[in-house]
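Here is the structure we will look at, set down as C-alpha cells.
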Amino acid sequence: MPKLKVDGIEVEVPQGATVLQACEAAGKEIPRFCYHERLSIAGNCRMCLVEVKPGPPKPQASCALPAADNQEVFTTSPMVKHAREGIMEFLLINHPLDCPICDQGGECDLQDQAVAYGRGHSRFQENKRAVTEKYMGPIVKTIMTRCIQCTRCVRFAEEVSGVEEIGAIYRGENMQITSYLEKAVTSELSGNVVDLCPVGALTSKPYSFEARPWELKKTLTIDVMDAVGTNIRLDSRGRQVLRSLPRVNEDVNEEWATDKTRHAVDGLVRRRLDRPYVRRDGKLVPASWDEAFAVIAEVAKGAGDSVAAVAGDLVDCETMFAAKALLKDMGSSLLEGRQTGMDYDTSSLAAVNFNTTIAGIERADAILLVGTNLRWEASLVNTRIRKAIKRGAKVWAIGPETELTYKVEWLGNDLAVLGDLPEALTEAFGKAERPAVIVGGGALKGAHGAALGLVEKLGLIKDGWNGFNVLHMAASRMGGLMLGYAQKAGVSALYDAKLTFFLGADECDFTRFAGFKVYVGHHGDKGAAAADVVLPGASYAEKSGTYVNLEGRVQRGNRAVFAPGDAREDWTIFRALSETLGRPLPFDTMDELRAAMALDCPELANEGLLTFAWNPPSLDTKAEGVMEGYPIKDFYLTNAICRASPTMQRCSAELVHGEIVAEAAE
C-alpha cells in the first residue's frame, strides 16, 4: 500500500488508488467536474490539478495520477491556485450568465467552484459560442451552451445504464454532447444524468422553473415504485412534492434512481381521492366518514367472518397490520397481497427472498435469469448484473428475448428447459464459486418447485453464499408475506368473501369478487371505480411507514406532506372503523401500532437486513408452459400514481409505444 504525503500529512492508501483519493483520505477537498467515483476516469476537465514531487515542474491531474510511495502532494501551493484559476477561466469562456434563470442554481458545482477557486473577475471580452438545444426525451431538458464537456453523461450511459445513446460530436471548440440522432434517450435511468451534470446543461424537464432548492422541505423516505426499496429524498413546498431524488445507500441503490422513482411524483396531486364515497343507485356519491362507516358496519353484521383484505403493491406494513388486526377480531384470516393471481408457495420466506442481496449479486460469476425482465422489474438490480459481467460473470436467461443492455445467452421461453439445462450452463455453474439464479414473476407461479430444484442441481448454496433469488416487483410484497398476506390458493380464495377490503389494490380482477367491496386508497383508479365504498387514504409521501424490500431489508420512510382534503393515513382509517364495528383496535398512535406489530412479527421491529433460515418446501420440480411475455407490459404505468402522472404518461407514449410527441417552441 503506497504511503505519501499530502500537504505534510502522511497517508496510506490501497494499491491502485489515485492521488485525488489520497488527498481526500487526508481530508483535503479537491475540486472536480469530470471525475466521479462510480464512473471511469476521463481526466478532461483538469480542475483537480495538484503539484506533485518528484515530478515535472507543472501541475498534474490528480484524478488520473496513480498514488505512489514517497510522493509529496501540494493542494494549496501558488502554482496550484494559479492553475485552477486558469482552468476555471477556460471553463467559463463560453458558459452563459444564466445563473438567475438556471434550474441548477443553488446546487451547481460550477457555481460553487467558480466562487471557491476562480478569479474574482473575468478577462474575456470575445463573443461566446452558442450551441443549439438537443432533444433527449420527456425527462431531460438540455441547455447545451452551458455544457463544459465533462462527459459524465456519456460515461454513465455507456457504463451504468448500458444504453449508449449519448455521445460527443465534432472536435475541439466545436465539440457538442448530443443524443443519438437527437432522439429521446430510451434508458429507464436517464434522469440520473441530471444529478451527474456539474453545470446546468442537463436539468429535469418536469421540474423546470418549479422551485429553488432553498425553498424546499427535504424529507428522507423510501421509494415504492418497485421492490428494490430505493432510498430517496422528497423535496416539497407547501402540500405538494415537487421532486424525488436518490440518497446514497451502497447496499441498495448506490446513488441512482429510476425515472419512475424520480418523476412519478407529479401524479401525487392528480386524480386524488379526498373524501369518502358510497355507491348509491349504481353511482359513487360523496359521503361523510360516519355515513361510509355506517354502510360498512351494516354489511359487516351480515358478513360474519366472511371478510377478506387484499393488499396493493404500494402499501406499508403498518396499514397491512392494522387491517390484519381488524380481520382477526372479526374471525377471519383471509389475507392476500398477490393481487394479480400468483399462488407460489410461501411457507418458507427464504425460498421467496433475494438471498444473494442486491449488492451481493455483483460478486456472482454465473447467473441464470428465469422468467424475469430485470430491466423493467428491477432496473437497479440490472445495473448490478452489469457490474458482475465486468468482473467476468456470464449470464443465461429463460424467457422471451428482450434487450437487457448486456450480452445474454437465451435458452428459449419454454419453462421445461429448467428440467433439461444445456451442458455448457451446468459445466459453467459447476466451476463457478458464486453461482446465482434469479426467478421472476413470469416463472414463479408455474416453476417455483423447478427453480428450487436448481439449488442442488447447480450447487447454488456454498459456504457464506446463497445463490437462490426470487425477484419481487411490489414494494409491499415481502412485508405482506411476513405478515401472512398469502393464501395457499392465492387471491382466488378471497373471491367468495362477503366483505372485502382493498388496500390500494388496483390490479385485481374485480369482477371475480362477489361480495361488498371497500377500497382504501389514494387515487381514483381501477379499485375506486369498482368499489361500493371508497375511503380516501394517504400515499407513501403522506405517511410514515415500514417497507421490506426484495432482499428482506426492513426500511422506514417519513411523511413529507399531508394528504389532501378528508383523506387520512390508512392505519387510522382502520382504527376509526374498528370503533364503529364495536371491535376497537388496541393502539391509538403509530408507536403503539408498531409495538403491537413487533409482537406479531418481531422481524419488523428494527430496520436492517433480515436473514431467513434456509428451509425450502418440498415442491413438485416439474415445470411446463411457455412464457408469452413478462408481467410488466409498460414500465412507466405500473401503478395508480404512475397512471395519474403526466410525465409517466408521456414517457409511456413516446418510449414504449413509439408515439411522436410534438414540442412547442420555448
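Cβ separations smaller than 6 Å between residues 6+ apart or across chains give the following pairs from segment 180-204 residues that are farther than 27 Å from residue 112 by Cβ to residues that are in a helix (DSSP H, G or I): 184/654; 186/655; 187/161; 188/259; 188/379.
When 224, 248, 193 are screened for being open to solvent by 10 Å² or more (accessible area, probe 1.4 Å) and β-branched (Val, Ile, Thr), only 248 passes. Examine segment 135-153 for a residue that is of a type in the set (Lys, Arg) and more than 20 Å from residue 42 (Cβ to Cβ), and state whether such a residue exists. So far as segment 135-153 goes, yes, one or more of its residues are of a type in the set (Lys, Arg) and more than 20 Å from residue 42 (Cβ to Cβ).
Can we say residue 309 is open to solvent by less than 20 Å² (accessible area, probe 1.4 Å) and in a helix (DSSP H, G or I)? It is false that residue 309 is open to solvent by less than 20 Å² (accessible area, probe 1.4 Å) and in a helix (DSSP H, G or I). Taking segment 18-62 as the range and being crowded, with 16+ Cβ neighbours inside 10 Å and of a type in the set (Asp, Glu) as the test, the residues that pass are 24, 51.
Rundown of residues vs (1) under 30 Å from residue 181 (Cβ atoms); (2) of a type in the set (Val, Ile, Thr), yes/no style:
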site: 100; (1), (2): no, no
site: 106; (1), (2): no, no
site: 114; (1), (2): no, no
site: 120; (1), (2): no, no
site: 126; (1), (2): no, no
site: 131; (1), (2): yes, yes
site: 135; (1), (2): yes, no
site: 141; (1), (2): yes, no
site: 147; (1), (2): yes, no
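Here residue 137 meets the list (1) open to solvent by less than 10 Å² (accessible area, probe 1.4 Å); (2) touching a strand residue (DSSP E or B) at 6+ places or on another chain (Cβ under 9 Å); (3) closer than 28 Å to residue 114 by Cα; (4) not in a helix (DSSP H, G or I) almost entirely, failing just condition (3).
Residue 480 fulfils the conditions (1) crowded, with 24+ Cβ neighbours inside 10 Å; (2) more than 18 Å from residue 315 (Cα to Cα) except for a single criterion, (2). Answer with yes or no whether residue 623 is modelled with pLDDT under 90, within 30 Å of residue 101 (Cβ to Cβ) and part of a loop (DSSP other than H, G, I, E, B). For residue 623, the condition - modelled with pLDDT under 90, within 30 Å of residue 101 (Cβ to Cβ) and part of a loop (DSSP other than H, G, I, E, B) - is not met. The condition of being closer than 30 Å to residue 593 by Cα, within 18 Å of the chain's Cα centre (by Cα) and among the polar types (S, T, N, Q) holds for only one of 372, 383, 357, 319, that being 357. Figure legend. Inter-residue proximity from segment 115-130: first residues under 13 Å from residue 94 (Cβ atoms), second residues in a loop (DSSP other than H, G, I, E, B) and among the polar types (S, T, N, Q), beta-carbon distance below 8 Å, spacing 6+ or different chains. Indicated pairs: 128/94; 129/94. No other residue among 368, 380, 418, 349 is open to solvent by 30 Å² or more (accessible area, probe 1.4 Å) and touching a residue at least 40 places away in the same chain (Cβ under 8 Å) apart from 349.
Rundown of residues vs (1) more than 18 Å from the chain's Cα centre (by Cα); (2) at positive phi; (3) hydroxyl-bearing (Ser, Thr, Tyr), yes/no style:
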| site | (1), (2), (3) |
| --- | --- |
| 219 | no, no, yes |
| 230 | no, no, yes |
| 234 | no, no, no |
| 249 | no, no, no |
| 255 | no, no, no |
| 266 | no, no, no |
| 269 | yes, no, no |
| 281 | yes, yes, no |
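Is segment 195-206 home to any residue that is in contact with a His (Cβ under 7 Å, 6 or more places away or on another chain), of a type in the set (A, V, I, L, M) and farther than 30 Å from residue 129 by Cβ? Checked segment 195-206: no residue is in contact with a His (Cβ under 7 Å, 6 or more places away or on another chain), of a type in the set (A, V, I, L, M) and farther than 30 Å from residue 129 by Cβ. The number of residues in segment 180-224 being closer than 18 Å to residue 266 by Cα, outside any strand (DSSP E or B) and among the β-branched types (Val, Ile, Thr) comes to 2. Residues considered: 628, 551. Of these, the only one that is part of a loop (DSSP other than H, G, I, E, B), buried (at least 23 other Cβ atoms within 10 Å of the Cβ) and under 30 Å from the mean Cα position of the chain (by Cα) is 551.
For every residue, the table says whether it meets (1) of a type in the set (A, V, I, L, M); (2) open to solvent by 90 Å² or more (accessible area, probe 1.4 Å); (3) in contact (Cβ under 8 Å) with a residue 60 or more places away in the chain; (4) touching an Asp or Glu at 6+ places or on another chain (Cβ under 7 Å).
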| site | (1), (2), (3), (4) |
| --- | --- |
| 580 | no, no, yes, no |
| 583 | no, yes, yes, yes |
| 599 | yes, yes, no, no |
| 610 | yes, no, yes, yes |
| 613 | yes, no, yes, no |
| 619 | yes, no, yes, yes |
| 624 | no, yes, yes, no |
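Pairs linking a residue in segment 267-285 that is open to solvent by 70 Å² or more (accessible area, probe 1.4 Å) to a residue that is assigned to a helix (DSSP H, G or I), with Cβ atoms under 7 Å and 6 or more positions apart or on different chains, are 270/644; 271/644. When we screen 234, 181 for residues that are among the hydrophobic types (A, V, I, L, M, F, W, C) and closer than 30 Å to residue 553 by Cβ, the only hit is 234. Could you list, in sequence order, all residues of segment 631-666 that are out of contact with any Phe, Trp or Tyr (no Cβ under 6 Å at 6 or more places or on another chain), of a type in the set (A, V, I, L, M) and either open to solvent by 80 Å² or more (accessible area, probe 1.4 Å) or not in a loop (DSSP other than H, G, I, E, B) (or both)? Listed by number, the residues that qualify are 640, 641, 644, 653, 655, 656, 660, 662, 664, 665. Any idea which of 519, 495 is under 28 Å from the mean Cα position of the chain (by Cα), farther than 26 Å from residue 379 by Cα and of a type in the set (Ser, Thr, Tyr)? Result: 519 is the single residue among 519, 495 that is under 28 Å from the mean Cα position of the chain (by Cα), farther than 26 Å from residue 379 by Cα and of a type in the set (Ser, Thr, Tyr). For segment 433-457, the set of residues classified as open to solvent by 10 Å² or more (accessible area, probe 1.4 Å) and not in a helix (DSSP H, G or I) consists of 433, 434, listed by residue number.
Somewhere in segment 325-345, is a residue of a type in the set (Lys, Arg) and either more than 21 Å from residue 527 (Cα to Cα) or open to solvent by 40 Å² or more (accessible area, probe 1.4 Å) (or both)?
Our first condition is that a residue be of a type in the set (Lys, Arg); within segment 325-345, this holds for 328, 338.
So of that shortlist, the ones also either more than 21 Å from residue 527 (Cα to Cα) or open to solvent by 40 Å² or more (accessible area, probe 1.4 Å) (or both) come out as 328.
Yes, there is a match, as at least one residue in segment 325-345 is of a type in the set (Lys, Arg) and either more than 21 Å from residue 527 (Cα to Cα) or open to solvent by 40 Å² or more (accessible area, probe 1.4 Å) (or both).
Every residue in segment 515-541 that is open to solvent by less than 10 Å² (accessible area, probe 1.4 Å) and not small (Gly, Ala, Ser), please. Across segment 515-541, the qualifying residues are 518, 519, 520, 523, 533, 534, 535, 536, 540. Restricted to segment 421-432, and to residues there that are under 33 Å from the mean Cα position of the chain (by Cα) and part of a loop (DSSP other than H, G, I, E, B), the residue that is surrounded by the fewest Cβ atoms within 10 Å (Cβ to Cβ) is 421. Set side by side, the residues 435, 400 differ, and just one is of a type outside the set (Gly, Ala, Ser), in contact (Cβ under 8 Å) with a residue 60 or more places away in the chain and out of contact with any helix residue (DSSP H, G or I) (no Cβ under 8 Å at 6 or more places or on another chain), which is 400. As a summary of the residue check, residue 251 satisfies the conditions (1) touching a strand residue (DSSP E or B) at 6+ places or on another chain (Cβ under 7 Å); (2) not in a helix (DSSP H, G or I) except for the one numbered (1).
Does residue 397 satisfy the criteria of being outside any strand (DSSP E or B) and farther than 28 Å from residue 643 by Cβ? Considered against the rule, which asks whether it is outside any strand (DSSP E or B) and farther than 28 Å from residue 643 by Cβ, residue 397 comes out as no.
The values are calculated or read from the model by the stated rules, or taken from the named source; none is laboratory data. This is a predicted model, so every value here is computed, not measured. FYI the Cβ positions are ideal-geometry reconstructions off the backbone, even for glycines, and counts take in every protein chain you see. These area figures cover heavy atoms from the full protein model, side chains too; ligands, DNA and RNA do not enter into them. Shrake-Rupley method; radii C 1.70, N 1.55, O 1.52, S 1.80 Å.
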